[in-house]
1. What's the extension gain from A64 to W184 if we count 0.36 nm per residue and subtract their Cα-Cα distance?
2. For the chain, compute Rh as the Kirkwood radius over C-alpha pairs and then the Stokes-Einstein diffusion coefficient at 10 °C and 1.306 mPa s; write the answer in µm²/s, rounded to an integer.
3. Any idea which of Q169, T42, F65 is furthest toward the positive side of the dipole for the range 35-182, if Lys and Arg beta-carbons carry +1 and Asp and Glu beta-carbons -1?
4. Considering only protein heavy atoms and a probe of 1.4 Å, how much of the accessible area of the chain is carbon and sulfur, as a whole percent?
5. Rank by packing, highest mean first: peptides 101-111, 116-126, with packing defined as the count of other Cβ atoms within 10 Å averaged across residues.
6. So for the chain, if I pair up every lysine 8 or more residues apart or on another chain, how many of those pairs have alpha-carbons under 18 Å apart?
7. Determine the percent antiparallel among the DSSP beta bridges restricted to the chain, to the nearest 5.
8. What residue among T138, T152, T88 has the largest mean-square fluctuation in a Gaussian network model of the chain, using Cα springs under 10 Å?
Amino acid sequence: MGEMILVTGGARSGKSNFAEKEASKASSVLYVATGIAFPDDTEFQARIKKHQQSRPENWDTVEAFQGIPAYLGKHADRYEVVLLDCVTMLVTNLFFDLLKEQELTNQLADEIETKIQSVIQEILYAGEKSTAKLIFVTNEIGLGVVPENKMTRIFRDIIGRVNQQIALQADEVYFVVSGIPKRWK
């Protein structure tokens, strides 16, 4: 069974750097990048390009937010480490893919959360079945004020519960502040 690690923190806290340092201890790494830029989002495209260029050349990369459980089920055992960066972007992309152009009712929000939690559980299951160490990177977005609008409140709640879902099954949990990791579990 593969070991699982959750690395969380705020935006630009150093969580990805910490996770990448942990992953670089292995000789074979699969980097699962979940951030997908829209064609007109040049700022996010530049961020993705910078991330791509900063990864070691010997790491394999998959850029996707759909089909991750099946991909891990087939390929994770080829690697010592699978680094999924980031859960927040994965949930964001799944959220808007499931929402489409619909009005966000409470019932629809519950249905979307159930589907997202199901995908996360499938990823966790694939990680349990794999021999690879699975490192999750996620944002801790629940430390601020209550968001002003309904959609943002619902999203904050979903990502908070998803982070709890992963932390519950993780062997280790780190919180990173200003580049300094603190192990909580």
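1. Numbers: separation 120, 0.36 × 120 = 43.20 nm, distance 2.91 nm.
Contour length minus the Cα-Cα distance gives 40.3 nm.
2. Values: Rh = 16.8 Å.
For these conditions, the coefficient is 94 µm²/s.
3. Going by the charge dipole, the pick is Q169.
4. Numbers: 5410 of 10250 Å².
Carbon and sulfur: 53 percent of the exposed surface of the chain.
5. Working: 101-111: 10.8, 116-126: 18.1.
Sorting 101-111, 116-126 by mean packing, highest first, produces 116-126, 101-111.
6. For the chain, the number of qualifying lysine pairs is 14.
7. Numbers: 4 of 29 bridges.
Antiparallel bridges: around 15 percent, rounded to the nearest 5.
8. Evaluated over the chain, the most mobile residue of the options is T152.
The values are calculated or read from the model by the stated rules, or taken from the named source; none is laboratory data. Source: prediction; values computed, not measured. Here the Cβ is made from the backbone with ideal geometry for all residues, glycine too, and neighbour counts use every protein chain on show. Remember, those area values only see protein heavy atoms, side chains included, never the ligands or the DNA or RNA. Shrake-Rupley method; radii C 1.70, N 1.55, O 1.52, S 1.80 Å.
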